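I have placed the structure first, in the form of structure tokens, so that the comments after it can refer back to it.
The values are calculated or read from the model by the stated rules, or taken from the named source; none is laboratory data. All values reported here derive from a predicted model rather than from experimental measurement. Note that we place each Cβ from the backbone using ideal geometry, even for glycine, and neighbour counts take in every protein chain shown. The area values use the complete protein model at the heavy-atom level, side chains included, leaving out ligands, DNA and RNA. Shrake-Rupley method; radii C 1.70, N 1.55, O 1.52, S 1.80 Å.
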Amino acid sequence: MVAGLDEKLEPIFQDVLRRNPGETEFHQAVREVLETLGPVLVKYPELAEQKIIQRICEPERQIIFRVPWQDDRGQIQINRAFRVEFNSALGPYKGGMRFHPSVYLGIIKFLGFEQIFKNALTGLPIGGGKGGSDFDPKGKSDAEIMRFCQSLMTELYRHIGEHTDVPAGDIGVGGREIGYLFGQYKRITNRYESGVLTGKGLNWGGSRARTEATGYGAIFFLEEMLKVRGDSIEGKTCVVSGSGNVAIYAIEKAQALGARVIACSDSNGVVVDQDGIDLALLKQIKEVERRRLSAYVQERTGATYLENGCIWTVPCQIALPCATQNELTAKDAQSLVRNGCIAVAEGANMPTTPEGIHVLMDAGIAFGPGKAANAGGVATSALEMQQNASRDSWSFEYTEQRLKEIMVNIHRNCYETSEEFDSKGNYVVGANIAGFLKVGHAMAALGLV
Ligand code: GLU
């Protein structure tokens, strides 16, 4: 069961369905925001008059292009890449690039749409955008990754720039890929324009704490949600789905704050380690060796591996979905509720289905939606842009402190907005409305553009 739409919003949503056929993830992301905006139009009729919602749902610009490249056997390969420049009312388009075989326009548009509100919530001057390709990095050599990134940038370079559009990483795109992309951009343009990409390496313009930021940020947000309830993360049993960049650093910060993290996963299976995930081993397998998670149990005899298992059946008090969209369904939510879960913070983008969110919130579980809880990554990208603009480089401690302040502010803003709109403690309402108002008022001020 999902909530109905306000009568003013239903035709807007029907129009989105009609104009964007088949893009189910985009429909889902739009619907989830529209479901919460009814009271906003009552309070701010000028935003309805200005058709701000209709305008936000239509990307400012969408770029789709061919990426031809040669594999190690000399065979020609063709991929498709996207950059959706969604909204620039608050700053240059900002958002990651995703390389995954599931990528199509509907995925990039859902991510770009989420990014508008998430970036607004950070309080920093960044608009919303997203990109990616259906390229599958799995099993590719370094040289293949490099050739693909160079070919992609040979087209993308003309659309981006430090004041125009600033891509970064997402699933399948980390420091290595950003390096190849930045190298090609620099070569084509003959400019050392650090601020054109974020997530760079530390010795060529990157920011300290950027790698850790999304995972750490999600834990900072979780801590704030628990604080409101007079509780804390210390001593809590946690499960974290995924084992990529977001999951690894969510585990690191959760452990540092005294939590017991007992499970993580990849697309093949689940590791359960009742002694607590061995983070050094996990990093070695995933970051250094780039192997599958199943390798973990070969090194840790006490741990078990559930092939094709479901992580949400592992009893826990705190669940952190840090893998991908729609990974936590209503059925999963029911098993979390049954097992006594008290909080869920989304490290991934839209990992919980609408029905799943409904089950969690009905059970009174503290639920932190991705556009608030995982905003630490992009917020730290904006801090990287600040450092690049001033040709400066901050310490880890200072950057982490800034990240923490930003997450505390996002939490407060979402909480206060939820109170203002009679939904105290409903962070979905709080995040959507607070993000929307920031962008909407800016769009109204900038005129019909
Ligand atoms: N891909 C990340 C996100 O979903 C980070 C984007 C960025 O740093 O620009 O927010």
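For the range 86-102, name all the residues that are within 13 Å of the ligand (Cβ to nearest atom) and either among the aromatic types (F, W, Y) or open to solvent by less than 40 Å² (accessible area, probe 1.4 Å) (or both).
Quick first cut of the range 86-102, residues within 13 Å of the ligand (Cβ to nearest atom) only: 86, 91-100.
Listed by number, the residues that qualify are F86, G91, P92, Y93, K94, G95, G96, M97, R98, F99.
Restricting the search to the range 419-449, which residues are open to solvent by 30 Å² or more (accessible area, probe 1.4 Å), within 17 Å of F86 (Cβ to Cβ) and in a helix (DSSP H, G or I)?
The one that is open to solvent by 30 Å² or more (accessible area, probe 1.4 Å), within 17 Å of F86 (Cβ to Cβ) and in a helix (DSSP H, G or I): K438.
Output the residues belonging to the range 200-222 that are open to solvent by less than 20 Å² (accessible area, probe 1.4 Å) and either without any contact (Cβ under 8 Å) to a residue 24 or more places away in the chain or touching a strand residue (DSSP E or B) at 6+ places or on another chain (Cβ under 6 Å) (or both).
Answer for the range 200-222, where residues must be open to solvent by less than 20 Å² (accessible area, probe 1.4 Å) and either without any contact (Cβ under 8 Å) to a residue 24 or more places away in the chain or touching a strand residue (DSSP E or B) at 6+ places or on another chain (Cβ under 6 Å) (or both): A218, F221, L222.
Does the range 366-380 contain at least one residue that is in contact with a helix residue (DSSP H, G or I) (Cβ under 8 Å, 6 or more places away or on another chain) and away from the ligand (no atom under 16 Å from the Cβ)?
yes
What number of residues within the range 164-182 satisfy the criterion of being open to solvent by 10 Å² or more (accessible area, probe 1.4 Å) and closer than 18 Å to P59 by Cα?
Residues flagged as open to solvent by 10 Å² or more (accessible area, probe 1.4 Å) and closer than 18 Å to P59 by Cα within the range 164-182 amount to 1.
Can you tell me which residue within the range 158-178, out of those that are part of a helix (DSSP H, G or I) and away from the ligand (no atom under 11 Å from the Cβ), is nearest to F99 (Cα to Cα)?
Step by step, filter the range 158-178, then rank; the result is E177.
Keeping to the range 261-312, report how many residues are charged (D, E, K, R) and closer than 28 Å to A330 by Cβ.
Adding up the residues that qualify gives 3.
Which ranges mark the helices (runs of 4 or more DSSP H) fully within the range 264-361 that have 3 or more residues being crowded, with 20+ Cβ neighbours inside 10 Å and modelled with pLDDT of 95 or more?
In the range 264-361, the matching helices (runs of 4 or more DSSP H) lie at 330-338.
So is E416 assigned to a helix (DSSP H, G or I), away from the ligand (no atom under 13 Å from the Cβ), open to solvent by 50 Å² or more (accessible area, probe 1.4 Å) and more than 30 Å from P315 (Cα to Cα) or not?
Criteria met by E416.
Restricting attention to the range 381-404, and to residues there that are within 16 Å of the ligand (Cβ to nearest atom) and among the small types (G, A, S), which single residue is most open to solvent (accessible area, probe 1.4 Å)?
A389
What are the residues in the range 24-38 that are closer than 11 Å to K8 by Cβ and not hydrophobic (A, V, I, L, M, F, W, C), if any?
Across the range 24-38, the qualifying residue is only G38.
Conditions tested, residue by residue: (1) touching a strand residue (DSSP E or B) at 6+ places or on another chain (Cβ under 9 Å); (2) charged (D, E, K, R); (3) at pLDDT 95 or above.
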site	(1), (2), (3)
F135	yes, no, yes
M153	no, no, yes
H159	yes, no, yes
Y180	no, no, yes
E224	yes, yes, yes
